[in-house]
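The values are calculated or read from the model by the stated rules, or taken from the named source; none is laboratory data. Everything numeric here is computed off the predicted structure, so don't read it as measured data. Because the Cβ atoms are built from the backbone with ideal geometry, glycine has one as well, and the counts that use them run over all protein chains shown.
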Amino acid sequence: MKIVYSILVIVGLVWFVSCKSTTIEPISPSECHLDCKDFLNADDTQAVAAFLKRITQATAARTSQELLADHYNELGVAADLQGNNEQAVGYHTQALEIRQTLADAHDIAKSCNNLAIVQYNKGEYTIAQTLYLEAIELFHEEERAQWEAHTLRNYALMLQTQQNYTEAKNRYIKALTIWQNMGNTAQVALLQRDLTVLENLATSLGAREGDEIYETEDALIPAEIVTPALPISMDGGGIHGGPIRFLDN
């Protein structure tokens with residue numbers, strides 16, 4: 001897949017220069033959603049072509065700098081999903097820096113979330129926490145409830161793997177409340193499952209007096225038990241319900 005990234009960068013930048021002087025008919029957001037799985041799960045040549053075609057279709061309503069940031073963001077997600085953490089950090093950092101100059105809080109928050117996931121995978125937990133908290137704050141200020149809820153759950157998943165069960169539960173509950181207010185039954189069910197996992201840990205372990213423990217509102221959990229990191233999911237709604245990466249419409 002390293003060849004794919006090289007081809008994608010070269011062709012993508014050529015496309016970026018050429019598309020600035022090209023008129024493209026607008027299409028609906030649902031038609032131009034960019035999904036890195038298009039080239040991750042297909043033949044290299046076909047996949048790169050399809051991916052770049054969809055990027056081109058998405059140019060109608062975006063400025064050149066916004067498009068460049070989108071391009072780096074998609075490359076970052078792709079590298080992340082392939083386990084290329086250093087490449088992913090580089091791409092997401094470039095996207096974030098561009099978005100910060102444009103002062104678009106929503107896009108900045110998306111980049112912070114995506115970069116937080118990669119930093120966590122690298123073991124940079126303090127950096128990941130800072131990025132998650134910034135994303136959550138920005139989504140909240142922008143009244144982007146759905147995005148805020150997804151990021152709250154991403155952060156909770158990280159806290160859970162660090163055995164910080166109290167904070168994880170608090171973040172799960174905040175995300176759950178948002179989805180309940182929005183009437184999203186699928187996400188409500190997912191968050192209820194997450195909370196049940198925490199409760200079941202406490203019940204099945206049967207904490208004893210004198211054990212080193214982490215405390216939640218309802219249970220005591222021995223410190224030696226470490227919840228394994230959850231598998232990656234593009235949409236957070238898969239079997240394992242892993243963290244969401246934000247793509248650009």
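A few points about this structure:
For every residue, the table says whether it meets (1) hydroxyl-bearing (S, T, Y); (2) in contact with a Gly (Cβ under 7 Å, 6 or more places away or on another chain); (3) more than 17 Å from L138 (Cα to Cα).
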| residue | (1), (2), (3) |
| --- | --- |
| A69 | no, no, yes |
| G76 | no, no, yes |
| G83 | no, no, yes |
| T101 | yes, no, no |
| D104 | no, no, no |
| A109 | no, no, no |
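- Unmet requirement for D248, which otherwise passes all of (1) in a loop (DSSP other than H, G, I, E, B); (2) among the acidic types (D, E); (3) at pLDDT 90 or above: (3)
- Of the residues making up segment 141-180, those that are of a type in the set (D, E) and assigned to a loop (DSSP other than H, G, I, E, B) are E142, E143.
- Contacts under 6 angstrom Cβ, first residue in segment 69-94 being β-branched (V, I, T), partner part of a helix (DSSP H, G or I), 6 or more apart: V89/V118
A quick yes/no check of all residues on (1) buried (at least 22 other Cβ atoms within 10 Å of the Cβ); (2) out of contact with any Pro (no Cβ under 7 Å at 6 or more places or on another chain):
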{"residue": "A79", "(1), (2)": "yes, yes"}
{"residue": "E86", "(1), (2)": "no, yes"}
{"residue": "Y91", "(1), (2)": "yes, yes"}
{"residue": "H106", "(1), (2)": "no, yes"}
{"residue": "I117", "(1), (2)": "yes, no"}
{"residue": "G123", "(1), (2)": "no, yes"}
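- When L68 is tested against (1) surrounded by 15 or more Cβ atoms within 10 Å (Cβ to Cβ); (2) modelled with pLDDT under 95; (3) in contact with a Leu (Cβ under 8 Å, 6 or more places away or on another chain), just one condition goes unmet, and that condition is (3).
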